[in-house]
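Following: one structure in structure tokens, then a few remarks.
Values in this text are rule-based calculations from the coordinates and carry no lab data. Model, not experiment: these values are computed from the prediction. We place every Cβ from the backbone using ideal geometry, glycine too, and count neighbours over all the protein chains shown.
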Amino acid sequence: MLNSKRSKIRWSFFVFFIPVFLWLMFLFVLPNLELLRMSFMGSRFLGERGFTLGNYTSFFLEPIYWLTFVRTIGFSLLVTFIVLLIALPVAFYITKVTKLKLKGLLMTLIMVPFWVSEVVRVYGLILLLRESGVINRILLAFGLWEKPIEMLYNDASMVLGLVYTTLLFMLVPIIGVMDSLDDALIEAAYDLGAKKVVIWWKIIVPHSVPGIMSGCIVVFMLVIGNFITPALMGGKYSSWFTQIIYNDFIAHMNWNRGAAFGFLLLIISSLVIWAGMKITGQKISTVVK
Amino acid sequence: MGRDENYRTKNQYGGEMIRTLHNKKSYKIGYNAFIILYFTLLFTPLLVISLLAFNDSIFPSLPWQGFTLDWFFGKGPEKIGIFHNSRNLKGIFVSFKVAVYVTLFSTTVGTCAAFLFEHEQFRFKNFFYFLMIAPLVVPGVIIGISLLIFATSIGLFLEHTIGLDVRALSPGIFLVVCGQASFITTFVSLTVIARLKKFDRSLEEAAYDLGARRFEVIRYITLPFLRPAIIGGAAVAFLLSFENFNTTLFLVGADATLPITLFTQIKDGSTPVVNAVSFLFIFCLSIFALLNFLITTRKTKQ
């Protein structure tokens, strides 16, 4: 009896294991290994074949590449920080300040814009900000400005777009952890005379660290790997590292260098995630929830 | 429960850092203003898009020239509405098709993964769990290029060795589905795993004792329990697929999905037909969100 049950369970193991194994191998592991292999191969159009480090050395030799790389990382950190600053008070309001009845409604409201495709969201911002955009028209109509101002196509508009587009991914995990913060702690601190800044710094933020960390990781990853927003809202000089990868693949047809750059992007985003988890002592399985 | 009611009575006194505490009026007003500003800014872009979809102008901008439905139903020659615009209609159709395939794949495999990691014991389980989570923290662009390279390499290999030209391995719908499924499956499996953790396994034991076989137990006991999570996961998978851009960008062939064709149109200068498509997008999602909201509030009331 026991034996037959056991053999059946093994059989079910393979029914579950094989599809999962095929998914992970063919859609994730092998493609990434192939990416790594190709990044060490000479470009097929230049005639050099076989192993080479050329794709990686060109990254360090051409300032445009590593400068864009550094720029992308810097702006990604900046955007993540801004998003965090906005998300903390909003999350706190939704979990602790607003009436309980309103909470569900507000939760739904913050979600809606983010289920709409990122292209559409960015398009809305473009319609607002561009030279013939809604803001310019309204301000001109009221005589506040004399001639339209181009508010698009610079670093500031790009940062605004990236913040707008990733806010939700910071809000959801932070709301999750703030929900579990016992109001009594805040009340007690308040009764003991603590100022709001102190309550934030000593109670709310430390309690929210797991949520903050997963929010920061997701936002950073979404920003550094973003393509739409820098392409549509950034200026001529607001190039993003993903655009360089895209150009290598589509315009220059230099897949090997593109693969090397892609791998560099993968390494830096993994490093940041790893560092974030080390600092706060979390595991990947808790972060993704 | 007692605590909760306590909050509500205290809450009536108003001013608060949290619901229960008193605060200066200026703080309260400032905070509320910030939140109102936040929600206004959050929705302004979407409202502007929707509004300009009904503007009787050939540019998606002010001034307001009067109300029209031409950008939905117009037959041309000046204004070709969305329902006569083959490019956007095709985009919607392709996105829909891709989303259906991705949903089927990710729901099936994601549910298998949930059973595998929750109910089975095997060697290297932690390693495989890590592999399953990893697609979530890999940028979508990387998933796109790695699959493109992998598929091309296989295609070249097949062509050189057995002279077989496999069309599916060059950019197109098949690769788009593969690329999106590779990370969307993780989302579904995490949703199902969360629900499976709450499953009382003694129910299974009881069924075994009554003589049920493993797959009967799964079919009649575990799967019905998982149904809400599987449906929820499928809905999320569909939406994620429908709006995906980064992974799709590198894998798309001649058949552009909706986000890709919208991107090209916006980059090249758009007409309000883009607004009309976006409005339909926003409208459908709002209905979806509203239904979801009503269903969840009804559930919590019960």
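Computed quantities for the displayed model
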quantity	calculated
Most to least packed among A:91-99, B:127-135 [average Cβ atoms within 10 Å]	A:91-99, B:127-135
Given A:195/B:299; A:103/B:79; A:101/B:24, the pairs whose alpha carbons are separated by over 31 Å	A:195/B:299; A:103/B:79
Candidate aspartates and glutamates - alpha carbon under 18 Å from residue A:202, same-chain residues fewer than 8 apart omitted	A:179, A:182, A:183, A:187, A:191
Global form of region B:165-302, assessed from the alpha-carbon gyration tensor, a/c cut-off 1.5	oblate
For region B:87-270: relative contact order, % (alpha-carbon pairs under 8 angstrom, 6 or more apart)	43
Neighbour-count ranking [beta-carbon atoms within 10 angstrom, fewest first] of A:214, B:202, B:286, B:106	B:202, B:286, A:214, B:106
Residue mean of other protein chain beta carbons inside 10 Å, B:264-273	2
Net dipole in debye of chain A [+1 Lys, Arg Cβ; -1 Asp, Glu Cβ; about Cα centre; nearest 20]	920
Cα centroid separation - region B:264-302 against region A:113-161, whole Å	21
Loop sites in region B:119-202: trypsin sites (Lys or Arg not before Pro), DSSP, at most 14 other Cβ within 10 Å	B:123, B:197, B:198, B:201
Under the Karplus curve 6.51 cos²θ - 1.76 cosθ + 1.60, θ = phi - 60°, whole-Hz ³J(HN,Hα) for region A:173-184, x wherever Gly or Pro sits	x, 5, 4, x, 6, 5, 4, 8, 7, 6, 4, 4
Residues with amide H under 5 Å from that of residue A:41, placed H, sequence gap 5 or more	A:52
Fewest-first ranking of B:70, A:183, A:248, B:200, using other Cβ atoms within 10 Å as the exposure measure	B:200, A:183, B:70, A:248
Region A:37-287 shape via C-alpha gyration tensor axes, a/c threshold 1.5	oblate
Kyte-Doolittle mean at least 1.6, axial Cα span of 24 Å or more - DSSP H helices of chain B	B:140-162, B:173-196
Exercise: per-residue mean of other protein chain Cβ atoms within 10 Å, A:221-229	5
Net charge dipole size for the protein assembly as shown [Lys, Arg +1 and Asp, Glu -1 on Cβ; Debye, nearest 20]	1440
Fewest-first ranking of B:112, B:284, A:216, using other Cβ atoms within 10 Å as the exposure measure	B:284, B:112, A:216
Rounded to whole Hz, the Karplus (6.51, -1.76, 1.60) HN-Hα couplings of region A:28-40, x for glycine and proline	9, 5, 4, x, 6, 5, 5, 4, 5, 4, 4, 5, 9
Value at 222 nm in deg cm²/dmol, rounded to 500, when DSSP H runs of n ≥ 4 in chain B each add -39,500 (n - 2.57)	-23500 deg cm²/dmol
Within chain A, helix-based [θ] at 222 nm, where runs of 4 or more DSSP H residues each add -39,500 (n - 2.57), nearest 500	-23000 deg cm²/dmol
Cβ-placed point charges (K, R +1; D, E -1), dipole of chain B about Cα centre in debye, nearest 20	1040
Farthest toward positive dipole pole in the protein assembly as shown [+1 Lys/Arg, -1 Asp/Glu at C-beta], among A:97, A:139, A:31	A:97
Per-selection Rg to Rh, region B:118-220 - Cα, Kirkwood hydrodynamic radius	1.15
For chain B: rounded, prolate or oblate by the Cα gyration tensor [a/c cutoff 1.5]	oblate
Average beta carbon contacts from partner chains per residue of B:243-252, 10 Å cutoff	4
Farthest positive-ward along region B:87-270 dipole, Cα basis, beta-carbon charges - from B:202, B:101, B:247	B:202
Nearby aspartates and glutamates by direct alpha-carbon distance to residue A:147 (threshold 19 angstrom, same-chain neighbours under 8 apart not counted)	A:131
Residue-by-residue Karplus 3J(HN,Hα) for region A:136-150, coefficients 6.51, -1.76, 1.60, Hz, glycine and proline x	4, 4, 5, 5, 5, 4, 7, x, 7, 10, 8, 9, x, 10, 7
